[in-house]
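Peer 1: Take a look at the following structure, please.
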Amino acid sequence: MTEYHITKDGAQIGPLTETEVTSGLIDGKFSGNDLVWTPGNADWQLLSTAFPSLHANAVQMPPVPVEKASLPLPGLDLNSWTMKTKDTPFWKFLLGMNVFKSYQLDCVEKRGDVLTVRVLSGKTCTFKIGEFKAKYIKTAQGNRDFILKSTTKPIQKVTFRETELQMPESWWDELEQKIGVTESGVSKLLHKIKSSI
């Protein structure tokens, strides 16, 4: 079964099946000007070229100019991702008793089998996929404190808090899903006790 990777508005989507791509074209999720790549192809091509029968009766728009340098190379790990944070105002850090703004989370990214956590000062902490535990503790206010701890290097640990960053709930949910974070047993127990009181 062929898998398809689509680039739409600078974001990569996939792998997708042919049925998913066809449905996306029919429903308007994808356009003929979006790019598609399949393993084994040397380059990206327009969806209108890859699926010409779906565009025979459609109004043809001129192709969007695409610079090859901005496209990933075939064979690139399409499961790589970066989740960048917004800058949090300094006064929020003072209210949160965190005066070390340089330690604010800048981004979390996955490249190949390495997960990297970077703070604003530029310092990084890297974890090899499969060699760390990711848990969160839910606070009384409903916020999450994420904890990543190496299973091979006992002193390697990173904690970042939902309350310190002005990111939408969906950002935290996506991060939780991407790195496989689960709620810690202690957190579950505390919330169970709290709800029974």
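Peer 1: Quick one: Asp9, Asp113, fewest Cβ neighbours within 10 Å first, how do they rank?
Peer 2: Asp9, Asp113
Peer 1: If each of Gln141 and Thr17 carries a label point 7 Å out from its Cα toward its Cβ, how far apart are those two points in nm?
Peer 2: In this crude label model, Gln141 to Thr17 measures out at 4.5 nm.
Peer 1: What does the extension gain come out to for Ser31 and Lys123, with contour length at 0.36 nm per residue minus their alpha carbon separation?
Peer 2: Residue separation times 0.36 nm, minus the Cα-Cα distance, leaves 29.1 nm.
Peer 1: Something else about it: How far, in nm, would the chain grow between Glu3 and Glu131 when pulled straight, counting 0.36 nm per residue and subtracting the alpha carbon separation?
Peer 2: 43.2 nm
Peer 1: Tally Lys and Arg at +1 and Asp and Glu at -1 over the other residues with C-beta under 9 Å from the C-beta of Cys125: what net charge comes out?
Peer 2: +3
Peer 1: Sticking with this one: Along the Cα→Cβ direction, 7 angstrom out, place labels at Glu176 and Thr159. What is the inter-label distance in nm?
Peer 2: 1.9 nm
Peer 1: Can you give the net charge of the other residues whose Cβ lies under 10 Å from the Cβ of Ser150, counting K and R as +1 and D and E as -1? Walk me through the intermediate numbers first.
Peer 2: Numbers: positive: Lys128, Lys133, Lys149, Lys153, Lys157; negative: Glu131.
Taking every Cβ under 10 Å from that of Ser150, the sum is +4.
Peer 1: Run through segment 119-179 and list the trypsin sites (Lys or Arg not before Pro) located in a DSSP loop whose Cβ has at most 13 other Cβ atoms within 10 Å.
Peer 2: Here the trypsin sites (Lys or Arg not before Pro) that fit, given the DSSP loop and packing criteria, are Lys123.
All of the numbers you see were taken from the coordinates with simple rules; none came from a lab. Just so we're clear, the structure is a prediction, and the values are computed from it rather than from any experiment. Backbone-built Cβ (ideal geometry, glycine too); neighbour counts: all protein chains shown.
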